[in-house]
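Worksheet: the structure to be examined is printed underneath.
The values are calculated or read from the model by the stated rules, or taken from the named source; none is laboratory data. Computed from a prediction, not measured in an experiment: that's the story for all the values here. All Cβ positions, even for glycine, are placed from backbone atoms using ideal geometry, and neighbour counts span all protein chains on display. Each accessible area value is taken on the protein alone, full model and side chains, heavy atoms only, with ligands, DNA and RNA left out. Shrake-Rupley method; radii C 1.70, N 1.55, O 1.52, S 1.80 Å.
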Amino acid sequence: MRQLCVIAGLLWLSLGGAPWLAAQRAQAAPDRPPATDIPAAAEPSYPDLAANDEPTPRINGPRVVGTTPRREFIYRIPATGAPPLTYAVTNLPAGLTLDAATGVIRGKVEKEGATPVVITVRNRYGAARATLRIIAGKNKLALTPPMGWNSWNVWGTTVSDEKIRAAAEALERTGLAACGYRYVCVDDGWQGRRGPDGVMQPNERFPDMKALGDFLHARGLLFGIYTSPGPFTCGRYVGSWRREEDDARLYASWGADYLKHDWCSYEGIARQKTPAALQQPYAVMRAALDKTDRDIVYAICQYGLGEVWTWARDPAIRGNLWRTTGDIEDTWASVSEIGFRHSPLALFAGPGGWNDPDMLVVGAVGWGAQTRPTRLTPDEQITHMTLWALLAAPLMLGCDLTQLNEFTRRLLTNPEVIAIDQDELGEAATRRDAAADGTEVWARPLADGRLAVGLFNRSEDRQTVTAKWSDLGLTGRHAVRDVWQRRDVGAFDRLFAALVPPHGARLVVIGGRRPAVPPRRKVPSPSQPLPSQSP
Ligand code: GAL
């Protein structure tokens, strides 16, 4: 078997698979669309990641999006290619309109139902076409994991209106919005005091929350806000305790599209950690959100207490994502310990509800006024993004987007990595093999019948990682595509092996596309007793 691995590895190399630490490829795309702010000094050396800047049009992001009839719907078609792009759609559900210059679809869908909308994006190099299913109905939010940016990992409690607007503008300028990152989330630190009427007032750094929401919506971006069920948040700002209805109404009046509901200081109230006590605050906020007339994605952030993944989908709670861990840090120990323990949780992720292993710690982070580059090496960042995409994790950026370097841009804009994360089947990866040498193989099935497979090396030495068909449920000969490099590698029998640097990863898709069958996947229903599992 060892010989076979070596042969497969050599075969892969001879087919042109560059070793990870090979010099970066020159970018050759003609007419690159204006890309990023790239401070030359901050550029790390990095392995071979595709540039993702081809001039031809490409439609990115999910192939399905949900909305509640008669509620505000905003969808910015994520598309890349040399500007100017123009957008056209056929078969929009009644109540929606498209802005052909910006690609933003808005309005209120009138009736329930699933509508296949054909999108065409054009520029002088050609056209791209894709079908987006717009599903209008009750509880149809987060049909794929939310993607966006959150202020916490970069600005901590120094967040301000100005920083949020700068992040939104950078999301557009860097091409990230065109890849599908669309929620812009204000985390802890926006709160002031409650007025005499009990209504929460933002602090002086947020002069007008409604105007901020409008600013985001005008760009086709969505607005996220944060609170905590106790009297105080983790940052010692005022929480929503006993004010949930007032607060939910206020957020809706600002145009909020996403609420992160934390836990801090509630433990002083829920002294018993019974399931009922742990669930209570999330049910209270759910009821408050239901009284508003907005679609608000509900992000539960209590670090996985009481195996939250087993009850977060309960009808009384209906979380759309739930943190499975404490706060992530920008260290290998933190990212690997969190990411690699999610295999038993895969069962709980699926359309409408996602395990949330916390935000991405790539790029310039800081948790306060000062930023610094992430402490993760380039290979560790590739592992981070590879694993999060395989886990069908929410992709929330936590970095200063105004300092995005070329490495980070490539890492975050690979449309094939994003397509894996956003795959509409919504089936999260599980570990298929783990060897004593620290190598692991994880895989998730995709809606088009292919398999997305991660080859990981958790060890300190360069290793050959082998994905054996027998571990993947495959037989016969299969095409393999390298996702980070965005090129076909060849067709392989029985296994695919590749050299992987320490703490690094390769991401491949295996198999040929089959005609798309509308995916029907069962996720555990809260009414059924669930197996109790720990990560
Ligand atoms: C933590 C949470 C962080 C951040 C912080 C704000 O509980 O996990 O993501 O929101 O609170 O104080």
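Among the residues examined, G235 does not qualify as in contact (Cβ under 8 Å) with a residue 60 or more places away in the chain, open to solvent by less than 10 Å² (accessible area, probe 1.4 Å) and within 16 Å of the ligand (Cβ to nearest atom). Within the range 201-213, the only residue that satisfies the criterion of being within 16 Å of the ligand (Cβ to nearest atom) and of a type in the set (A, V, I, L, M, F, W, C) is F206. Comparison of R520, R514 shows that the only residue that is among the charged types (D, E, K, R), over 25 Å from the mean Cα position of the chain (by Cα) and at pLDDT below 95 is R514. Is it true that some residue in the range 145-153 is within 16 Å of the ligand (Cβ to nearest atom), open to solvent by 50 Å² or more (accessible area, probe 1.4 Å) and modelled with pLDDT of 95 or more? Within the range 145-153, one or more residues are within 16 Å of the ligand (Cβ to nearest atom), open to solvent by 50 Å² or more (accessible area, probe 1.4 Å) and modelled with pLDDT of 95 or more.
For the range 116-125, the condition of being touching a residue at least 60 places away in the same chain (Cβ under 8 Å), under 23 Å from P93 (Cβ atoms), surrounded by 20 or more Cβ atoms within 10 Å (Cβ to Cβ) and not hydroxyl-bearing (S, T, Y) holds for at least one residue.
Looking across A252, A256, one residue alone is at pLDDT 95 or above and open to solvent by 10 Å² or more (accessible area, probe 1.4 Å). It is A252. Of all residues in the range 185-198, those that are open to solvent by 60 Å² or more (accessible area, probe 1.4 Å) and within 11 Å of the ligand (Cβ to nearest atom) total 0.
Each residue in the range 199-215 was checked for being open to solvent by 70 Å² or more (accessible area, probe 1.4 Å) and either touching a strand residue (DSSP E or B) at 6+ places or on another chain (Cβ under 6 Å) or on the phi > 0 side of the Ramachandran plot (or both), and 1 pass. For the range 64-84, the candidate set comprises residues that are over 18 Å from A114 (Cα atoms) and open to solvent by 30 Å² or more (accessible area, probe 1.4 Å); within that set, the residue that is nearest to the chain's Cα centre (by Cα) is R76. Taken together, the residues in the range 339-363 that are within 16 Å of the ligand (Cβ to nearest atom), closer than 21 Å to V64 by Cβ and open to solvent by less than 10 Å² (accessible area, probe 1.4 Å) amount to 2.
Among residues of the range 385-405 that are of a type in the set (V, I, T), those with a Cβ under 8 angstrom from a residue that is outside any helix (DSSP H, G or I), sequence gap 6+ or separate chain, pair up as T386/G454; T386/F456; T386/W484; T386/A505; T386/R506; T386/L507; T402/D37.
Which residue out of L250, L216, L259 is in contact with a helix residue (DSSP H, G or I) (Cβ under 8 Å, 6 or more places away or on another chain) and either free of Cβ contacts under 8 Å to residues at least 40 places away in the same chain or more than 16 Å from the ligand (Cβ to nearest atom) (or both)?
Numbers: L250 fails: in contact with a helix residue (DSSP H, G or I) (Cβ under 8 Å, 6 or more places away or on another chain); L259 fails: either free of Cβ contacts under 8 Å to residues at least 40 places away in the same chain or more than 16 Å from the ligand (Cβ to nearest atom) (or both).
Criteria check complete, one pass: L216.
Taking helices (runs of 4 or more DSSP H) that fall entirely within the range 122-227, which contain at least 2 residues that are within 26 Å of D290 (Cβ to Cβ)? Working first, answer last.
On the way: elements: 152-155, 161-173, 209-218.
By residue number, 209-218.
Number of residues in the range 305-338 that are more than 11 Å from the ligand (Cβ to nearest atom), closer than 17 Å to Y282 by Cβ and either crowded, with 24+ Cβ neighbours inside 10 Å or not charged (D, E, K, R) (or both) equals 15. When you scan the range 224-232, do you find a residue that is open to solvent by 10 Å² or more (accessible area, probe 1.4 Å), in the same structural domain as P207 (by TED's automatic domain parsing) and within 16 Å of the ligand (Cβ to nearest atom), even just one? Looking through the range 224-232, at least one residue is open to solvent by 10 Å² or more (accessible area, probe 1.4 Å), in the same structural domain as P207 (by TED's automatic domain parsing) and within 16 Å of the ligand (Cβ to nearest atom).
Given the criteria crowded, with 21+ Cβ neighbours inside 10 Å and within 19 Å of Y251 (Cβ to Cβ), does L176 qualify?
Numbers: crowded, with 21+ Cβ neighbours inside 10 Å: yes; within 19 Å of Y251 (Cβ to Cβ): no.
The answer is no for L176.
Among the residues of the range 288-304, those that are open to solvent by less than 50 Å² (accessible area, probe 1.4 Å) and over 19 Å from T67 (Cβ atoms) comprise A288, I300, C301, Q302, G304.
Contact map, the range 370-382: residues that are under 17 Å from L401 (Cβ atoms) and assigned by TED's automatic domain parsing to the domain that holds E337 paired with residues that are of a type outside the set (S, T, N, Q) and open to solvent by 20 Å² or more (accessible area, probe 1.4 Å), Cβ distance under 6 Å, separation 6+ or inter-chain. Pairs shown: R372/G366.
Being over 17 Å from R506 (Cβ atoms) and crowded, with 20+ Cβ neighbours inside 10 Å is the requirement here; does G449 meet it? In short, no.
Grab the strands (runs of 3 or more DSSP E) fully contained in the range 254-371, keeping just those with 1 or more residues being of a type in the set (G, A, S) and in contact with a Phe, Trp or Tyr (Cβ under 7 Å, 6 or more places away or on another chain). Answer list for the range 254-371: 297-300. For the residues L397, L455, L404, the requirement of being buried (at least 23 other Cβ atoms within 10 Å of the Cβ), assigned by TED's automatic domain parsing to the domain that holds M359 and at pLDDT 95 or above singles out L397. Criterion applied to R173, R165 was being of a type in the set (D, E, K, R) and under 20 Å from the mean Cα position of the chain (by Cα), and the one residue passing it is R173. Scanning the range 262-283 for residues that are at pLDDT 95 or above, within 16 Å of the ligand (Cβ to nearest atom) and not aromatic (F, W, Y) yields a total of 3. Kindly evaluate D99 against the criterion of being of a type in the set (D, E) and modelled with pLDDT under 95. The answer is no for D99.
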